[in-house]
Amino acid sequence: MSILNTIIRISIGLFFILSGISKLFPIEPFEATLVNLGITNWFFVPFLARIIIGIELFLGLCILFDFWLRNFIYLCTQILLILFTIYLVLLLYFEGNDIDCGCFGNWLSISPFLSIIKNLILITILFFIKRTYYAWGLKLLPLLFLLISFSFPFLINRVGLQHVQAIPLNQKIDWSRLPNTYLSNEKINFDEGNKILVFFSASCPHCESAAYKLGTLNKKNNITNVIIVIATKKEETLTKLITKTALNYPIIWMKEESFFNYSGGILPAIYYIENGVLKKRWTGKYFNIEELISYVDYK
């Protein structure tokens with residue numbers, strides 16, 4: 001019985017550690033889910049997401065090495081599981097069950113309903129697991145776990161500058177040579193109306209990070225003025241990026257080197273255009289998404 005208890009305890013500890021680490025790479029889907037549910041905004045979400053991951057890592061390490069700190073770790077773990085379950089119930093209610101709950105990042109896809117069942121099983125197992133109250137000779141070890149757990153997410157996947165403003169411009173550019181849209185084969189007239197033109201390379205990790213954010217913005221398919229330009233040689237790579245990041249926008253596929261004539265040297269590149277005139281430009285991973293949203297048109 002003691003061996004079984006040890007195996008279960010180690011498994012639960014590793015489960016929490018794996019759950020935390022899996023959300024870090026990439027962290028954007030987890031951030032997007034928190035924003036989409038209205039829990040926080042785009043400015044604070046990088047910090048909140050990493051703090052949640054830090055909590056999971058800390059609890060996992062303490063459980064793995066049998067440090068319960070009397071009942072503190074046990075109570076914190078149960079509270080965290082209950083909060084996660086409430087979050088999953090909200091996700092199930094607002095988004096349905098045909099989505100990934102994000103519990104294991106992109107490593108493993110689990111529906112909200114299955115994840116709720118998983119949490120209820122963990123809550124029940126923890127209720128019966130045998131907990132020890134010794135090892136005071138190593139009482140500083142949980143402090144080391146605390147330091148490692150909350151510094152690791154910020155050091156491994158750093159938070160950048162979240163309010164990098166757009167560069168104001170006033171350049172008339174000929175957009176007519178851009179290809180027609182992928183699949184629908186439509187020619188977009190950039191000389192009329194306000195449009196947001198986004199340039200991604202399929203091999204650029206910063207572009208993928210931005211794609212997750214933009215994909216979240218248009219979950220309801222009600223944005224009318226965003227067009228995505230993606231550079232890649234292979235159609236398979238193009239469709240993989242679109243599917244993985246849920247880019248529900250008109251897509252322009254570019255294979256030619258002329259992509260960089262439009263996008264410049266820093267990706268992602270995001271342009272706000274008024275009647276063919278380039279007015280604003282955001283470049284790099286840490287663009288101000290709140291500022292960008294102010295230029296988005298909805299149905």
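Since every read-out is calculated from the coordinates, none of them should be taken as a lab result. These numbers were taken from a predicted model, which means no experiment stands behind them. Cβ: placed from backbone, ideal geometry, glycine included. Neighbour counts: every protein chain shown.
Taking other C-beta atoms within 10 Å as the exposure proxy, L140, L92 rank L140, L92 from fewest upward. Between the beta carbons of F47 and E274, assuming R0 = 41 Å, the FRET efficiency works out to 0.75 to the nearest 0.05. How big is D, in µm² s⁻¹, for the range 2-156 by Stokes-Einstein at 25 °C and 0.890 mPa s if Rh is the Kirkwood radius over C-alpha pairs? Rounded, D is 152 µm²/s. Just for the range 167-293, what percent of DSSP beta bridges are antiparallel, to the closest 5? Bridges in the range 167-293 that DSSP calls antiparallel: roughly 65 percent. The slack between K255 and R177, meaning 0.36 nm per residue of separation minus the straight C-alpha distance, is 26.8 nm. The amide H of I252, built 1.01 Å from its N in the peptide plane, has Y182, I228, V229, I230 as neighbours under 5 Å, considering only residues 5 or more places off or on other chains. Partner aspartates and glutamates whose Cα lies under 15 Å from the Cα of K233, excluding those fewer than 8 positions away in the same chain, are identified as E256, E257.
Modelled spin-label separation between S294 and K130, with each label point placed 7 Å from Cα along the Cα-to-Cβ direction: 6.2 nm.
Full extension of the chain between L83 and N221 yields a length gain of 46.7 nm, computed as 0.36 nm times the residue separation minus the alpha carbon distance. Here Cα extents along the principal axes in Å was calculated from the structure, and among [x] 56, 52, 37; [y] 73, 35, 33; [z] 77, 55, 34 it sits at label [y].
Among complete DSSP H helices in the chain, those whose alpha-carbon atoms stretch at least 15 Å along the helix's long axis and whose mean Kyte-Doolittle hydropathy reaches 1.6 are 2-22, 45-64, 72-95, 112-128, 141-156.
Across the alpha-carbon set of the range 167-293, the Rg to Rh ratio works out to 0.92, Rh being the Kirkwood radius. Model label points for T243 and F113, set 7 angstrom from Cα along the Cα-to-Cβ axis, are 2.3 nm apart. Ranking of F200, F260 by neighbouring Cβ atoms within 10 Å, starting from the fewest: F260, F200.
Each of V198, V296, V226 was scored by other Cβ atoms within 10 Å of its Cβ. Listed from fewest to most, they are V296, V226, V198. With the cut-off at 27 Å, tell me which of the pairs K23/K244; K23/K187; K118/K220; K244/K299 have Cα atoms farther apart than that. Flagged as over cut-off: K23/K187; K118/K220.
In this simple spin-label model, placing a label point 7 Å from the Cα along the Cα-to-Cβ direction at both T6 and I99 gives a separation of 4.3 nm.
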